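Just below is one structure, and these are the notes that go with it.
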Amino acid sequence: MAAVIKKVGVIGAGQMGNGIAHVAALAGFDVVLNDISADRLKSGMATINGNLARQVSKKAVSEDDKAKAMGRIVAGEKLDDLADCDLVIETAVEKEEVKRKIFHELCAVLKPEAIVASDTSSISITRLAAATDRPERFIGIHFMNPVPLMELVELIRGIATDDQTFEASKEFVAKLGKQVAVSEDFPAFIVNRILLPMINEAIYTLYEGVGNVEAIDAAMKLGAHHPMGPLELADFIGLDTCLSIMQVLHEGLADSKYRPCPLLVKYVEAGWLGRKTQRGFYDYRGAKPVPTR
């Protein structure tokens, strides 16, 4: 019998965290949005409010739905605020040691039957689960960005994840109105294992002078009908995240085809991480984005 999930905790009020809180609250779950930074919590709540308002203006949700959803989300700065959640989803930075530390502290305050999930885009679920007191109640629930718009969620079982945890998680995702793709626990799962090497290859194409930023993005938009060019998409994801995922692929599968492009490394070292820092393959500081190469 799958556990019944009523109250959901989300750790991290950034882009992914506020998106998950948004869709969960809209689907009728009580949500606790947690972040160690009060400022990030405040801006996360403001983002949810703004995104819901946009959905109202597009007639996707009613004014009443928006008010109810906002009323279901509580902001909390302490992990203790998550103590009575049935499911907690971690959306912290893509660094294993940071995630492990969070899980260690979280499990100390959670009720024993609660499910713990990670929204990691590439790190081993089995390894993260082993850092907790409940590997059988641990699972990967990987949302796509931006969460309110994207229909897919990858579900990843670790070696120890039990059937009840898997079924409860599947049911939770269905209630959000999302589709599930079940992935085996291998580096970067399905979407990023295919997507990130494509982005990395686009960066190599730039690095080797095959085409400039605009030509590469136009080629994939017009020639393959991709909604965004690969370099524009890299900026949207964050070049640091792209690099982290390529490193996980390269280390985890030990294949030279996953070697991160030196140009990607250089941009990350420069702190040009894409949209969030106003510069990446495009410069976002003016009225419209301008290629940086």
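Structure notes:
- Antiparallel %, DSSP beta bridges [both residues in region 7-183], to 5: 15
- Using the Karplus relation 6.51 cos²θ - 1.76 cosθ + 1.60 with θ = phi - 60°, the per-residue 3J(HN,Hα) values for region 277-288 come to 10, 6, 9, x, 6, 10, 9, 9, 7, x, 5, 9 Hz, with x marking Gly and Pro.
- Entries in Lys42/Lys68; Lys6/Lys99; Lys58/Lys170 that, when Cα-Cα distance is taken, lie over 21 Å: Lys6/Lys99; Lys58/Lys170
- Of all stretches in the chain that contain no GluC sites (Glu not before Pro) in a DSSP loop with at most 11 other Cβ atoms within 10 Å, the longest one is 1-112.
- In terms of other Cβ atoms within 10 Å, Val173, Val10, Val265, Val153 run from fewest to most in the order Val265, Val173, Val153, Val10.
- Sparsely packed trypsin sites (Lys or Arg not before Pro) within region 69-138, loop by DSSP, other Cβ within 10 Å at most 13: Lys78, Lys95
- Set the Cα radius of gyration of region 7-183 against 2.2 N^0.38 Å, with N its number of residues, and you get 0.96.
- For region 20-66, the set of trypsin sites (Lys or Arg not before Pro) satisfying both a DSSP loop assignment and a count of at most 15 other C-beta atoms within 10 Å is given as Lys58, Lys59.
- Net lengthening on full extension, Lys175/Val191 (0.36 nm per residue, minus Cα-Cα): 3.6 nm
- With neighbour counts taken as other beta-carbon atoms within 10 Å, the residues Phe236, Phe103 rank, fewest first, as Phe236, Phe103.
- Which of Leu249, Ser57, His142, positive extreme of dipole for the chain (C-beta unit charges): Ser57
- Cβ-based exposure ranking for Leu52, Leu149, in which fewest neighbours within 10 Å come first: Leu149, Leu52
- Between Val88, Val210, Val191, the residue with the greatest mean-square fluctuation in the GNM of the chain (Cα pairs under 10 Å linked by springs) is Val210.
Read the figures in this text as sums done on the coordinates, not as results from a lab. For clarity, every value in this text was computed on a predicted model and none was experimentally measured. Note: ideal-geometry Cβ built from the backbone for every residue, glycine included; neighbour counts use all protein chains shown.
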